[in-house]
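Data block below; observations after.
Readers should treat all values here as calculations from the given coordinates under stated rules, not as data from a laboratory. The structure presented is a predicted model; accordingly, all values stated were derived computationally and were not measured. Here Cβ is always computed from backbone atoms with ideal geometry, including for glycine, and neighbour counts include all displayed protein chains.
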């Protein structure tokens with residue numbers, strides 16, 4: 001499900017990008033917790049991840065809204081859902 005979000009925090013550490021949004025998503029994944037529903041992860045080793053990172057940083061800088069679709073999977077060793085797709089929203 002696509003929902004419009006605004007990025008409030010971004011952290012790049014090793015091969016992962018963690019970011020937080022202004023609201024929680026409505027669909028809980030089996031690997032995540034309710035209190036983490038406003039946080040997402042991009043795995044920089046995944047195909048297309050540089051494009052996702054570029055969109056996140058651009059939207060963060062300009063405060064544009066994003067439509068974010070999760071993959072339904074969490075990164076290994078985390079309870080954060082991996083991003084599947086991002087589109088810019090106006």
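Modelled this way, with points 7 Å down the Cα-to-C-beta line, the labels at residue 78 and residue 8 are 1.8 nm from one another.
Using the Cβ-Cβ distance between residue 88 and residue 23 with R0 set to 30 Å, the FRET efficiency works out to roughly 0.95. Entry note, segment 3-89: relative contact order of 32 percent, from Cα contacts under 8 Å with a spacing of 6+ residues. Per DSSP H run of at least 4 residues, take -39500 (n - 2.57); add these up for the chain, divide by its residues and hand me the 222 nm value, nearest 500 deg cm²/dmol. For the chain, the value works out to -5000 deg cm²/dmol. Against the empirical 2.2 N^0.38 Å (N residues), segment 3-89 has a Cα radius of gyration ratio of 0.96.
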